1. Could you sort M264, M485 by accessible area so the largest value comes first, with the probe set to 1.4 Å?
2. In debye, nearest 20, what is the charge dipole magnitude of segment 256-391 about its Cα centre with +1 on Lys and Arg Cβ and -1 on Asp and Glu Cβ, if you could check?
3. Of S154, L67, G89, which is farthest along the charge dipole of segment 64-209 in the positive direction, counting Lys and Arg as +1 and Asp and Glu as -1 at C-beta?
4. Please give, to one decimal in nm, the separation of the simple spin-label points placed at A323 and T604, each 7 Å out from Cα toward the Cβ.
5. Taking +1 at the Cβ of each Lys and Arg and -1 at the Cβ of each Asp and Glu, which of A219, T203, A230 sits farthest along the dipole of segment 189-231 towards its positive end, judged by Cα position relative to the Cα centre?
6. Mark the label point 7 Å from the Cα of S342 along Cα→Cβ and return the residues of segment 502-530 whose backbone N is within less than 16 Å of it.
7. Along Cα→Cβ, 7 Å out, is where each label goes; now give me the distance between the ones at A633 and D294 in nm to one decimal.
8. Between segment 456-533 and segment 315-363, what is the C-alpha centre distance in whole Å?
Amino acid sequence: MTKSFSFGLLTASMLALSAGAAFADYELNILHINDFHSRIESINKFDSTCSAEEEGKKECFGGAARLKTVIDQRRQALSGKNVVLLNAGDNFQGSLFYTTYKGAAEAEFLNLMKFDAMTVGNHEFDDSEDGLATFLDKVQFPVVTANVKATAASKLGDRIKPSLVLDVAGQKIGIVGAVTNDTAELSSPGPNVTIADDVEAITAAVQDLKGQGVNKIIALTHVGYPRDLALIAKIPDVDVVVGGHSHSLLSNTDPKAEGPYPTMVDNPGGYKVPVVQAASYSKYLGDLVVNFDDSGVVKDAKGDPILIDSSFTADPAVITRIAELAKPIEELRKKVIGSSESPIEGDRKVCRVKECSMGNLVADAMLDRTKNQGVTIAVQNGGGLRASIDGGEVTQGEVITVLPFQNTLATFETTGADVVKALENGVSQIDQGAGRFPQVAGLKFSFDQAKPVGSRVGDVQVKEGDSFTPIDPAKTYKVATNNFMRAGGDGYSIFKDGKNAYDYGPDLADVTAEYVAAHSPYKPYTDGRVTELAQAAPAPSASEPAPAAPATPAPSTEPSPAPAAPAPSTEPAPAPAAPAPAAPAPTAEPAPAASTPAATTPSTHVIAAGDTFWDLAVTFYGDGTMWRKLSDANGNPNPRHLTVGKEIEVPAK
């Protein structure tokens, strides 16, 4: 283990003392959350606001009141021990509380939990620096983000520091923050805030802490699990990574987990770095125990996130305060605008990799609203869809939870060639589950993920009357989208050049609610408008070793001007590089737990980022060498480039 150390001169008496007794190890308990996303009230299984009926059935999770209860209980249980509580960003955006109070409600409840430190997430800039400045006025805990650089004209002032040092039982604990490099593309920080490179900023801040004699350093990041694994955990002298942004559930017991908790990463310095994240929406509290030796090197780390379900009693004082704040928005939220025959799928693991029923609903609604203007194509980014809706009555509040960003309907004219370029952008980061994936109406297309970025899209057809015809590259088409994408958000820079643009249409949530009302009872559907071509690649030779998990790609950080509109998130979906059993996506039949692997009957599995046949064979059969059984059953695709979102057959063992 070779962390970089600097020692002063030891006196003879200190040397004598050290010879007689070794320094004791230091245990640190790290409690943490990430991607709260304004889930102040409890949530249901669809990540939407839980109803009174669901509360009565004990079907609810999280919310500020339960979260405070769990934090208080853990602090009490750890009384006398060393504890820090960390927040990895994206507290804004996701409910009517944010829409109404613009961060003030989130600040109030987070203050009650007494965080020791927070990093900002990209969504903290959704209402430009103004919204974040108001939040900073109210929070009573430090905010650290090393790569946020505010000018003298910024309202942020110097309130966001690169790092801080906590004194925990006489030990110095360094906290260094960072937000995703593409925040300017995903959100709206404005002209007075620059987002610097995360790795460079963290590296500099860590070395500054080392110069202050700090040898236990936590990187508190909002850059996503894949980047934490690939880059952040490998920065010299970073000891622990507490992350957010990708909404990654890490667990040692949940078969849907994207990796183990913690995921241990080899640092080039010769030591291991635990990386953790705790899903999102206040559903889990991360609970990590780290043991350091007297030199500040991690000896071991263990833990698991705590599922905040109905077994925890919500804090009554917080419940009362939530009810007070909810009064102004109750009437709007409870308004029934229609019904749905079945659940409308808006899960991020689906809508960011393939056609989904929520994507079709929103895109159809956009097209229907603008068809009298001659619009024939609609494009909505999958990352802008933030929840599913269950079957039965649909309320205005549920629709706003799905589309919380107050984006407006935007229209413009562009050529067929540029439409194709936009679709290419939409599928360019599908392996990361990026939010730019295009949900469409008025056209259909296919794509091949195995092809190079920029040449994946094919067979683009537009609807003319009751039939589809190939898109004409030279023809001008009228297109509807949201104002975030029209301003170049999510990499859709081609839309910025659109002609005769109008970005100030009605709120997208209102457009969707009116469409549901007009088509009630709404029947969710998919119709094949977006098709992924099956990959055809030769299977490895018999002598080839079983495929390993692919190296995790770092999220793209292509520069783009910050759009002025509120910005839907495009957090990359997790793609773990750690050699843990791959987890099935929520839409697939859950794999058996690792302790009892046995696929006794045929089943299916939806490929998630990072899956390999070897790992899936371990999960389903308990034996990685049986990976060829899976390969043979699915046409022998390239085992190192499995198609994310594709459903495969799992034969019985």
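The values are calculated or read from the model by the stated rules, or taken from the named source; none is laboratory data. Keep in mind that what you see is a predicted model, and the values were worked out from it rather than measured. Ideal geometry is used to build each Cβ from the backbone, glycine not excepted, and the neighbour counts take in all protein chains shown. SASA here: full protein model, heavy atoms, side chains in, ligands and nucleic acids out. Shrake-Rupley method; radii C 1.70, N 1.55, O 1.52, S 1.80 Å.
1. Details: M264 75, M485 0 Å².
The ordering from most to least exposed comes out as M264, M485.
2. On the way: 17 positive and 19 negative charges, 96 e Å.
So the dipole magnitude of segment 256-391 works out to roughly 460 debye.
3. After comparing all options, I get L67.
4. So the two model labels end up 4.5 nm from each other.
5. The residue sitting most towards the positive pole is A219.
6. 521-528, by backbone N distance to the label point.
7. About 5.6 nm, to one decimal.
8. Centre-to-centre distance over Cα atoms comes out at 22 Å.
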